[in-house]
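Written out below as structure tokens is the structure these notes cover.
The values are calculated or read from the model by the stated rules, or taken from the named source; none is laboratory data. The model shown is predicted, which means the values in this text are computed figures rather than measured ones. Glycine also receives a Cβ, built like all others from the backbone with ideal geometry; neighbour counts cover every protein chain displayed. With ligands, DNA and RNA removed, areas are computed over all heavy atoms of the protein, side chains included. Shrake-Rupley method; radii C 1.70, N 1.55, O 1.52, S 1.80 Å.
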Amino acid sequence: MAQPAYVQGTLDTLLSADGSVDPAALSLADTTFVVLDLETTGGAADGGGITEIGAVKVRGGAELGVFATLVNPGERLPPFITVLTGITEAMLAPAPPIEAVLPSLLEFLRGSVLVAHNAPYDVGFLKAACARHGYTWPNPRVLDTAAVARRALTRDEVPNRKLGTLAQFFRSAVQPTHRALDDARATVDVLHGLIERLGSFRVHTLGDAIEFAKAVTPTQRRQRHLADGLPHVPGVYVFRAADDRPLYVGTSKDIATRVRSYFTASEKRARISEMLAAATRVEAVECAHSLEAEVRELRLIAAHSPPYNRRSKYPERVVWLKLTTEAYPRLSVVRSLADDDAAYLGPFSSRRTAELAAAGVYDAVPLRQCGHKLSVRTPTPACALAELGRCPAPCQHKITPEDYEATAALPFRTALHGDPEQVVHALMGRIETLSDKRRYEEAAVLRSRLIALLRATVRMQRLSAMTTIAELVAARRDNVGGWEISVVRHGRLAAAATSPPYEHPRPTLDAVRLTAETVLPGRGPVPAASAEETERILAWLERPDTRLVETSGDWVSPVRGAARFAALLSKAEAAASGKDSSVRSSVTDRSDDARSLRL
């Protein structure tokens, strides 16, 4: 049976689930190591082939125990192995098989860090043997002396990283002989020599040593002290430059663990490496729970626009689709909500997306697309769209304002806060017509417009349902017996707290409401916060373990609102991304499923 590839442990594995420091994160001097070496028949790691095992348990430079045995591999021994190791078939004949040796070896390894030279080789054989004979591999933390040597020693010091070369360099009392116990004892001396060398690299713990053995950049190694002293709590972390300018803002359920990950081999982003080089300190902002941390992150990014954050930097750079208040209304892309009676759709993150949604509206209803201000008394020349029959020509008074409102403007207004069925069905009908004519490219264009329009209406109706509520209080259990409490006002997080474990949350709730931020209502679906903040709040509220405690009004959405087309939207998005091969590339599936969405 094929075995999974050997993966050296990461720094994150040194932390328990509750965030406490694992004993293995103690200094290298206080860590118990089992230094192991195997001799094999030279074949693949298939569960057999081991001929000898040698292991030495050490801590703080002192030897605690020795494990050594020959192993009958159950197969012929190649002559070149006998020449190399001196082990003969006659020596192996009375030796126990590997399945008889494993229980004692696994007990010897218990609670220790496994050390080996070229550890993937030895670990691979032992894991395969455990799998073959029904033993559970204990998955100990592994330190590879060859990998550490490649990072700690230069070519001027040693020409290669072979065990014999390193044993000679560190003046080992035992030289490798291709016998398991001798090679294990030589590896012990190499390990101790490397530990002394690691001190100059500011590597003092097992976690540091494991990460040092990986491809950590000099910048990461030099700057890893920035993670010292950070708390293991949910919150926001801010990397700051020498002038105290925020460089990068992030959030985590465990600040210390997350920040430490920036200095490990798993972090390979070039921009982050550049940011780490410029950072001089990391500031931690402790939060009551994960929702507060997410919201604070968004607000800090919006306030400071850190150069190394890509997302959520400019929440004010949103646009809206406005249906003007003229006699013959038209769509206009605007940057803010005015205090008028116009209908607005949004917010959109970019003008391009807003124009894409507007194009979808034009495909569904006969709104005029020109930007002229039309008079109900004086006609003006018609444009090409009127001549092509794609506009009812209100400019030439071929349609009354009342009929224009009913056929063009009203379907759009209804789609904003009610049922977008008329608009959606018109677009789906055109998509199916184009599909029947095999005009798939044009159908794909309409699909993208449908996605932009439907996504905006679903989003706005969700936001509107939340922002109309003056105050909503919700709570959910945390992992230690307390309650995470959030006070939301008009879609903005006004206060957050966590009640003490196993105590009634009411006193905490009453106290946090008294100190909550005052939030005033405004126009539009996101008057008091960014759309992204309100959406984070909605995601937290909609979790199955969140309980609504109090609300000043009903949290409702239209019965036949845009959300009922969520399945169609998901299907269209999957087709657009190519993730759903069952949907034709132009969202033209005419199955009963697709038709049911239109009923």
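Numbers below:
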| read-out | value |
| --- | --- |
| Enumeration of residues in region 256-267 that are assigned to a loop (DSSP other than H, G, I, E, B) and either over 18 Å from Asn309 (Cβ atoms) or hydrophobic (A, V, I, L, M, F, W, C) (or both) | Phe263, Thr264, Ala265, Ser266 |
| Glu532 vs. criteria under 25 Å from the mean Cα position of the chain (by Cα) and open to solvent by less than 60 Å² (accessible area, probe 1.4 Å) | yes |
| Out of Leu191, Leu206, Leu247, sole residue that is open to solvent by less than 70 Å² (accessible area, probe 1.4 Å), of a type in the set (A, V, I, L, M, F, W, C) and over 34 Å from the mean Cα position of the chain (by Cα) | Leu191 |
| Filter result for Asp208 (among the acidic types (Asp, Glu) and over 23 Å from Thr40 (Cα atoms)) | yes |
| Scope region 430-472; condition open to solvent by 20 Å² or more (accessible area, probe 1.4 Å), closer than 26 Å to Arg523 by Cα and under 29 Å from the mean Cα position of the chain (by Cα); matching residues | Arg455, Val458, Arg459, Arg462, Ser464 |
| Which numbered condition Val249 fails, given (1) at pLDDT below 90; (2) β-branched (Val, Ile, Thr); (3) more than 30 Å from Thr32 (Cα to Cα) | (1) |
| The one condition in (1) acidic (Asp, Glu); (2) touching a strand residue (DSSP E or B) at 6+ places or on another chain (Cβ under 7 Å); (3) modelled with pLDDT of 95 or more that Asp189 fails to fulfil | (2) |
| Some residue of region 497-504 being of a type in the set (S, T, N, Q), open to solvent by less than 60 Å² (accessible area, probe 1.4 Å) and out of contact with any helix residue (DSSP H, G or I) (no Cβ under 9 Å at 6 or more places or on another chain) | no |
| Entirely in region 34-145, the helices (runs of 4 or more DSSP H) that have 3 or more residues that are open to solvent by less than 60 Å² (accessible area, probe 1.4 Å) | 79-85, 98-109, 119-133 |
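Conditions (1) of a type in the set (Lys, Arg); (2) on the phi > 0 side of the Ramachandran plot, marked per residue:
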position: Arg390; (1), (2): yes, no
position: His397; (1), (2): no, yes
position: Ala406; (1), (2): no, no
position: Ala409; (1), (2): no, no
position: Arg430; (1), (2): yes, no
position: Thr433; (1), (2): no, no
position: Ser448; (1), (2): no, no
position: Leu472; (1), (2): no, no
